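Structure first, then comments.
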Amino acid sequence: MHPCTNGHQYLIEKALNEMDKVYVIIYETKVTDVPIETRGNWIKQIYPEINLIYAKHPPEQYGLDEESVKIQTDYIKEKIKDIKVTHFYNSEPYGKFVARDLQVQEVQVDRKREKYPISATLIRNDLDESKNYLEEIVYKDIKEA
């Protein structure tokens, strides 16, 4: 997640309402200057009951082709190897592949962004215009970055 938006929060809250234990994987990424630890701190402040998994140094190959999907899901499998996972909550096209490869149930949440029409790209393009989709701690940290 980069940055944590109301859309991400909606997804997390759906998982929290439906699951006994929720893990959130936070990918390290070159798209944002906000450190992975800061992004994790947002989630822990908003949802202290969440279990975080920091995905540092992830594979750089992305895409929806089978090779890229396998590279990414193999990486995720390694990050969660000691965790019994039953569901994969997401709002992205790749979610069906991750769920398939992890052999878990996919739960799509607001993929069309109807409830929260926001994306990281929109935020990067106009932070102040997107402020209403961010918690104050998230907005403040991004503004200062």
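Some notes on this structure:
- Taking a straight line from the alpha carbon of Lys96, these lysines sit under 26 Å away, with near neighbours fewer than eight places off in the same chain left out: Lys14, Lys21, Lys30, Lys56, Lys70, Lys77, Lys79, Lys81, Lys84, Lys112, Lys115.
- Taking θ as phi - 60° and the Karplus parameters 6.51, -1.76 and 1.60, the scalar couplings of the range 86-100 work out to 10, 9, 10, 8, 6, 9, 10, x, 6, x, 5, 6, 4, 4, 4 Hz in sequence order, x denoting glycine and proline.
- Restriction of the GluC sites (Glu not before Pro) in the range 17-83 to DSSP coil positions whose beta-carbon has at most 11 other beta-carbons within 10 angstrom yields Glu49, Glu60.
- Comparing Leu134, Leu16, Leu122 in a Gaussian network model of the chain where C-alpha atoms under 10 Å apart are linked, the largest mean-square fluctuation is found at Leu122.
- Gain upon complete extension [Asn17, Lys143; 0.36 nm per residue less C-alpha separation]: 42.2 nm
- Each Cα pair under 8 Å and six or more residues apart adds its sequence gap; the mean of these over the residue count of the range 6-136 is a relative contact order of 23 percent.
- Peptides 104-112, 84-92, ordered by how many other C-beta atoms sit within 10 Å of their residues on average, highest first, read 84-92, 104-112.
- About the centre of its Cα atoms, the range 6-136 shows a dipole size close to 260 debye [charges on the beta carbon of Lys, Arg (+1) and Asp, Glu (-1) only; nearest 20 debye].
- Proximity of backbone amide H atoms, modeled 1.01 Å from N, is registered between Tyr89 and Val107 at under 5 Å, excluding neighbours fewer than 5 places apart on the same chain.
- The trypsin sites (Lys or Arg not before Pro) found in the range 10-51 that occupy coil by DSSP, while having at most 13 further C-beta atoms within 10 Å, are Lys21, Lys30.
- Dipole-positive endmost among Ile25, His87, Leu134 within the range 6-136 (Cβ charges, Cα centre): His87
Values in this text are rule-based calculations from the coordinates and carry no lab data. Quantities reported herein were computed from a predicted structural model and do not represent experimental measurements. All Cβ positions, even for glycine, are placed from backbone atoms using ideal geometry, and neighbour counts span all protein chains on display.
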